[in-house]
Amino acid sequence: MGSIADPGELADSAAPEKPPPSFDDFQRQTSLMTSCTLLWKELSDHLSSLEQNLEKKSAALKAKVQVLDSQTKQSLEILNERESTLSASLSIALEKVEKSKGEALSVMSKGSEEENDEQAEAEVDNSFGLFLKLKSLCIRMDVGGFWGFIIVRKKELECLRQEIPKALGECIDPPKFVLEAISEVFPVDKRKCSNNINNNSNDLGWACVLLLESLIPVMVDPVLGKRRMLVTPTVKEKAEQIADIWKKSLEERGRIENVKTPDVHTFLQHLVTFGIVKEEDVDLYRKLVVGSAWRKQMPKLAVSLGLGDKMPDMIEELISRGQQVDAVHFTYEVGLVDKFPPVPLLKAFLKDAKKAASSIMEDPDNSGRAAHLAAKKEQSALRAVIRCIEEYKLEVEFPSENLKKRLEQLEKTKNEKRKPVSVPANKRTRASNGGPMPPAKAGRLTNAYVSSFPAAPAFVRSPSHTQYPTGVPAYPAPPAIYGSRSPPYAYSPEAYPGAPVNYPVYGYANGMAPAYQQAYY
């Protein structure tokens, strides 16, 4: 018998043989491996970048946390310091109030106020006398007298700037005193309501700014200094109400574009003095500052109003408006000289001024006035640039000698044009017979007749006709050169029955024409 075959062997012999892998299969496998490798690398890089970003964000968050911790610690220290010094500051302030109250009562209890006023007025001839008068008014809290005393002394501005802060320190409540003093013209000018006089020419914005600036050193804390201002909540609330009234009145003032610069300056100084700057009004502050940028105090006010971050944009706007000199002041205030070099700005300002002067000279209707305006504009630009060079010590980069020579040349030309031209007294004479000419501006009647003969003798007043000059001897009428206008006659007052007619005498003050004047009928 034959052996039985192995089942596994039968199965193997029955199964067909697999074909060997082809080259296409190999390529497919290779491509799959490559794509898997690239995908893995991409995922790995992505995970690495995510990890790096998380690490950076974590580091940034840690830094912010550290800053916040530092700020919190600093704020807590400041609060603790303020709390610990509050009692000392209040005690000093109360002692000062009691002292001012006692001085005020003693002044009021003294003799007649008029005698005190006369004595103070007699002493107002120097800085100390000015201080005594201001102190007297502040001690008595005489708001009206204080305001009236200030506004008539604009020529003594520098002296007032030194003495007013010391005098305000004698007030019982300096912030309230100043608000009441400037209330006549700020936030709205009440003088327009009280009378019909136009007060635009009598602008008192300078006095408001002066008092608000002088109030700052008076309100500082005696212990902490400028880090804390001593303003009562009631006065601060009143100051905020005043600021709101001013903002609401912008529509009546002609909006931001037409509001007056002194009013803008007073408003901004009011905000800084009382510390009532609001973040939601930053755009309003920016527009107001740019519109009045030529004011000397505007760069400092802009920083105090929190506009430091917006300063580069403001400077670029000033440059685009042709206010390069103002832009230079702003750059030095915030330290942007490297970004906005001053010398190119000043040169561009002079170039623009010369172009403007040339365009003014092109006026064909009034060449004399055009020349005057062009020279005046160029002079103004030269003075502004020279002052800027001297203030910021730019002589090395931008010498001002040539500018000063040009300015002297323009002023010399202006002075020469102002010199009067001497005209001979007998310049206006007739070419025909040497007779005198009538005045150049004499009014003539419509049917005026000018005689070619010498003038008639001057009239002498007649006793019988008080309103008429005396009759003169008859003289022949001039020949009818222009045709017979009237028959020859001998003039006599008696020839007219009624009241004689008054003829004009060309507006002379004594009612009689001079002897050299030609007669007009």
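The values are calculated or read from the model by the stated rules, or taken from the named source; none is laboratory data. Since the structure is predicted, the reported quantities are computational estimates derived from the model, not experimental observations. Neighbour counts are summed over all protein chains in view; Cβ atoms, including those assigned to glycine, are modelled from backbone coordinates with ideal geometry. The protein model used for the area step is the full one, side chains on, heavy atoms only, and it has no ligands, DNA or RNA in it. Shrake-Rupley method; radii C 1.70, N 1.55, O 1.52, S 1.80 Å.
Overview of values
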| read-out | value |
| --- | --- |
| Accessible area in square angstrom per residue, the range 279-377, 1.4 angstrom probe | 55 Å² |
| Summed residue charge, Cβ within 12 Å of Pro165's Cβ, Lys/Arg positive, Asp/Glu negative | 0 |
| J(HN,Hα) series, the range 288-304, from Karplus relation 6.51 cos²θ - 1.76 cosθ + 1.60, nearest Hz, glycine and proline x | 5, 5, 5, x, 10, 5, 6, 5, 5, 7, 4, x, 5, 4, 4, 5, 5 |
| Integer Hz, Karplus 6.51/-1.76/1.60 couplings in order for the range 215-231, x for Gly and Pro | 6, 4, x, 6, 8, 5, 5, x, 9, 8, x, 6, 5, 9, 9, 8, 10 |
| Fully extended contour minus Cα-Cα distance, from Ala348 to Lys376, at 0.36 nm per residue | 8.2 nm |
| Extension gain, Gln71 back to Gln27 (0.36 nm per residue minus Cα-Cα distance, nm) | 9.3 nm |
| Förster radius 25 Å - calculated FRET efficiency between Trp294 and Lys414, Cβ distance, rounded to 0.05 | 0.60 |
| 5 angstrom amide H check on Arg228, placed H, neighbours 5+ away | Asp221 |
| FRET efficiency, Lys260 to Glu42 (Cβ-Cβ, R0 60 Å, nearest 0.05) | 0.35 |
| Counting all C-alpha pairs of the range 277-343, share separated by more than 14 Å (%) | 50 percent |
| The range 223-360: radius of gyration over Cα atoms, expressed as a fraction of 2.2 N^0.38 Å | 1.21 |
| Cα gyration tensor, the range 21-83 - rounded (a/c under 1.5), prolate or oblate | prolate |
| Extended-chain gain in nm, criterion 0.36 nm per residue less alpha-carbon gap, Gln52 and Ser358 | 103.8 nm |
| Residues in the range 216-236 reached by a label modelled at Leu86 [backbone nitrogen below 20 Å; 7 Å Cα→Cβ] | 219-236 |
| Ordering of 257-265, 52-60 by burial proxy (mean other Cβ atoms within 10 Å per residue, highest first) | 257-265, 52-60 |
| Peptides ranked, highest mean first, by Cβ atoms within 10 Å: ranges 140-148, 218-226, 173-181 | 173-181, 140-148, 218-226 |
| Label point distance in nm, Asp244-Glu158, each placed 7 Å from Cα along Cα→Cβ | 4.3 nm |
| Ratio of the Cα radius of gyration of the range 124-185 to 2.2 N^0.38 Å, where N counts its residues | 1.01 |
| Cα gyration tensor shape of the range 346-395, rounded if a/c is under 1.5, else prolate or oblate by comparing a/b with b/c | prolate |
